[in-house]
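The structure appears right after this line, and notes come after that.
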Amino acid sequence: MPFNAFKHYTSQFGHISSQEWSQLINIATPITLKKEALITQSDERFNKEVFVEKGIIRGFIIDEAGNEKSTSFFIEGGFMSTTSLRNNNGHSLYNYQALCYSELLYFNAAEIRHFFSRNKVLTQIGKDIKEREIQRIRERDSCLLQTNAKDKYQAFISHYPNLESFISQKHIASYLGITPVSLSRIKSHKTDNI
């Protein structure tokens, strides 16, 4: 795995010396997942930070009736956020699944936190991860607070442009809190208006 997305991501924050880059790569464990493979399940202990080098990851819960409800999507070129991965006791809050062939970088959470605290550029990466998580939660809340399904769908495609062509309609519908049939109607109505 060449780490191209990870190199691009880290370069946004300034120069990292070749020695620091080498140290960072040495604490990364490359993982490949087949479509539908689980990263972790709800309530499992999970002490990793995860960077999505390639692919799409879905977070979801399973309700009392056994229905899956999508809670988040993580796309290549970014970290899955710490708060979405685990609670304070280190247990996963959700189930996480690859929606397609995916390449991930696993980092031991304590090691990477220590590594990020060592200089200004690396500290910026840690701050960015937290800021993106706050933004993701705000956008999710905004989407769910929309009063009708059409507005929820518009908020989704605004936040995740082009993602719908790569993932199942049922996952989008469960994220929006609507049925796949309702989503299909919204999409066909949108097409009719073009």
Looking only at the range 26-35, which residues are part of a loop (DSSP other than H, G, I, E, B) and either within 15 Å of the chain's Cα centre (by Cα) or hydrophobic (A, V, I, L, M, F, W, C) (or both)? I27
Only one of I61, I16 is surrounded by 14 or more Cβ atoms within 10 Å (Cβ to Cβ), of a type outside the set (D, E), within 19 Å of E111 (Cβ to Cβ) and in contact with a Ser or Thr (Cβ under 7 Å, 6 or more places away or on another chain), namely I16
Considering only strands (runs of 3 or more DSSP E) wholly within the range 63-138, the ones with at least 3 residues that are farther than 22 Å from L163 by Cβ are 102-108
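How about the range 3-37: which of its residues are closer than 15 Å to G55 by Cβ and not polar (S, T, N, Q)?
F3, A5, F6, Y9, P30, I31, L33, K34, K35, E36, A37
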Suppose we filter the range 157-172 for residues that are touching a residue at least 12 places away in the same chain (Cβ under 8 Å), hydrophobic (A, V, I, L, M, F, W, C) and in a helix (DSSP H, G or I); how many remain? 2
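Laboratory data are not the source of any read-out in this text; all were calculated from the coordinates shown. These numbers were taken from a predicted model, which means no experiment stands behind them. Glycine also receives a Cβ, built like all others from the backbone with ideal geometry; neighbour counts cover every protein chain displayed.
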